[in-house]
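Down below is the structure, laid out as structure tokens.
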Amino acid sequence: MDITIGILFSNYGPYHIARIEGLLDCAHKLQNQVVAIELARSEDEYPWEIKVDNLHFSLISVSQEQALEKTNNFQLVQKLNSILKEVNPSVIAIAGYFRPAMLFALAWCLWHRKPAILLSETTENDAPRSWWREVLKSIIITKYKSALVGGQPHKRYLVKLGMPIEAIFIGYDVVGNEAFHPDRIKPLPRPINNPYFLAVNRFIPKKNLSFLISSYVNYHQIMGDNAWDLVICGEGQMRLNLKQQILEVGLKKHIHLPGFLQQDELFPYFAHATCFIHASIQEQWGLVVNEAMAAGLPVIVSNRCGCYEDLVLESINGFGFDPENQQELTQLMVKISSGELDLQAMGQASLEHIQKFSPDYFAQGLMQAVEYALPNG
């Protein structure tokens, strides 16, 4: 049966494009059509620069003039309604239920008797929970026919909210692994001569960057001249505070803040890092960990990250840690840089393990969710 699959994201960045390109191959084999829809062409929170003219698929932007945060929700919903009416998809995969426009897309599906698929990377512990919100979520969840989630913690949470376990499929949180492959990026020039730990984050409180810097300060005191540098790529509201912290500890020469970098600008940093650290206190998944593993790096990941359970193989490709235990992170940094571990083998383990979490994996999971959701599924 020929079907049209609508894929609705807030804003298409590199991750989303890689997923759609993976889906196109799978859908075309089944003679299905994929329609990519985004609420807005730009988003202040994620200032990606994507040239839509170079895409292998057509992308429909509900709002092209303003960043998503500045759009009027009523006008956005009106335009989305017109687009959905024109496209008339057989089924819509909807990224979350937080935004009013996403809830409208679900209501549109219910009104037109079209199955809706939830795309979710929410875990039970990634934010404070209140009982009435959980009740409301449970009511909303029952309106979706199926779901595609990041990994096991996300699946458990949807089951707890009331979605049948057989309706939940895995493979949502993937990146374009090939773009980060060591064979592709290693020839790029080194951005920093010294060995370095790498972190890539928005500079907001939940990313726990002040904690990371403090842990690094302790690490540097222990290792002295043998200490690796620390590179933190990103931008955000805490930048001035972090710069001040770095000045106060006197490690400006060893802690680098290159700013927000587009994907191609990040490649040299991934190519020549010696280990990747992700220290978030709350994180639904953490796609930068996918990128680091695709670049063949050992990883040190907060056990509060949604990706920890699925991506980190303890002592094989990296380590988990408590993001409130500074001593634990410091000791792991010392361990990684001590010369006692085979970092090349750990990086290779990362590279091999992340191959499962590919755009093809997303495509297979979504097509399973589509098949389950459709009336004859």
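Okay, here's what the table says:
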quantity: Criterion (of a type outside the set (Phe, Trp, Tyr), at pLDDT 95 or above and more than 20 Å from the chain's Cα centre (by Cα)) met by exactly one of Val289, Val334, Val301, Val312; calculated: Val334
quantity: Conditions (1) within 22 Å of Val174 (Cβ to Cβ); (2) among the hydroxyl-bearing types (Ser, Thr, Tyr); (3) out of contact with any strand residue (DSSP E or B) (no Cβ under 9 Å at 6 or more places or on another chain); number of the one not met by Ser338; calculated: (1)
quantity: Meets criteria (of a type in the set (Gly, Ala, Ser), under 24 Å from Pro115 (Cα atoms) and at pLDDT below 90) for Ala67; calculated: no
quantity: Given (1) within 24 Å of the chain's Cα centre (by Cα); (2) closer than 18 Å to Val370 by Cα; (3) among the aliphatic types (A, V, I, L, M), index of the condition Val87 fails; calculated: (1)
quantity: Residue match in region 313-334 (condition: within 25 Å of Tyr172 (Cα to Cα) and touching a Gly at 6+ places or on another chain (Cβ under 8 Å)); calculated: yes
quantity: Top-ranked residue of region 1-20 - restricted to ones that are assigned to a loop (DSSP other than H, G, I, E, B) and either of a type in the set (Asp, Glu) or out of contact with any strand residue (DSSP E or B) (no Cβ under 9 Å at 6 or more places or on another chain) (or both), ranked as modelled with the lowest pLDDT; calculated: Met1
quantity: Those residues of region 31-76 which are acidic (Asp, Glu) and either outside the structural domain of Ser10 (by TED's automatic domain parsing) or farther than 24 Å from Glu265 by Cα (or both), in sequence order; calculated: Glu38, Glu65, Glu69
quantity: Tally, over region 242-282, of residues that are within 19 Å of Val175 (Cα to Cα) and of a type in the set (Asp, Glu); calculated: 2
quantity: Matching residues in region 88-145 - criterion: being outside any helix (DSSP H, G or I), buried (at least 21 other Cβ atoms within 10 Å of the Cβ) and among the aliphatic types (A, V, I, L, M); calculated: Val91, Ile92, Ala93, Ile94, Ala95, Ala116, Ile117, Leu118, Leu119
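The values are calculated or read from the model by the stated rules, or taken from the named source; none is laboratory data. Worth saying up front: this structure is predicted, and the values here are computed from it rather than measured. Here Cβ is always computed from backbone atoms with ideal geometry, including for glycine, and neighbour counts include all displayed protein chains.
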